[in-house]
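First the structure, in the form of structure tokens, and then the observations on it.
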């Protein structure tokens with residue numbers, strides 16, 4: 001009986017220990033990208049549970065430390081950069097939960113001290129600068145295209161206005177000519193009728 005209880009206790013301890021060491025998939029650096037890890041941290045933060053948030057931060061800290069110890073500069077730099085940005089952006093919220101992020105930020109600072117980390121950082125900065133320049137150029141080109149298109153549209157509208165104005169003037173000239181012709185005809189009729197009337201009056205005399 002004692003042996004049975006002892007075996008059961010060992011099994012429980014083993015199960016508990018294994019479960020405690022298991023890393024959630026959404027925070028596992030072996031399964032989740034840096035972006036996915038940060039997204040998971042954001043979800044933990046939105047839960048409003050200080051214990052959940054603290055455990056999540058401890059989990060990523062432990063994995064960062066493991067990568068630092070292994071000297072895996074490239075991978076740890078990717079995760080550290082994203083996690084650092086998350087911590088900085090949510091500093092006030094984390095402070096509101098009385099969560100001390102100093103242990104985590106200390107590990108992140110260790111990443112910068114790794115051989116090659118400064119080179120990676122410089123490369124990332126250069127890449128960001130190039131991307132920013134490309135965006136600026138594209139923006140300027142798009143603005144120029146929009147301005148040119150706007151000028152063309154304005155010219156087209158101005159041309160339409162001139163054409164419509166010319167049409168209106170031509171129509172008015174036609175109407176005026178018709179009116180004058182009609183008046184001339186009426187005047188001629190009136191004169192003819194008057195001449196006939198005068199001739200008739202003379203015959204009567």
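The values are calculated or read from the model by the stated rules, or taken from the named source; none is laboratory data. Predicted model, so just to flag it, every value in this text is computed and none were measured. Every residue, glycine as well, gets a Cβ built from its backbone with ideal geometry; the counts of neighbours run over all protein chains shown.
List of remarks:
- A single entry from 124, 120, 128 fulfils the requirement of being at pLDDT below 80, crowded, with 16+ Cβ neighbours inside 10 Å and not in a loop (DSSP other than H, G, I, E, B): 120.
- For the range 62-79, the set of residues classified as closer than 9 Å to residue 114 by Cβ and touching a helix residue (DSSP H, G or I) at 6+ places or on another chain (Cβ under 8 Å) consists of 68, 73, 76, 77, listed by residue number.
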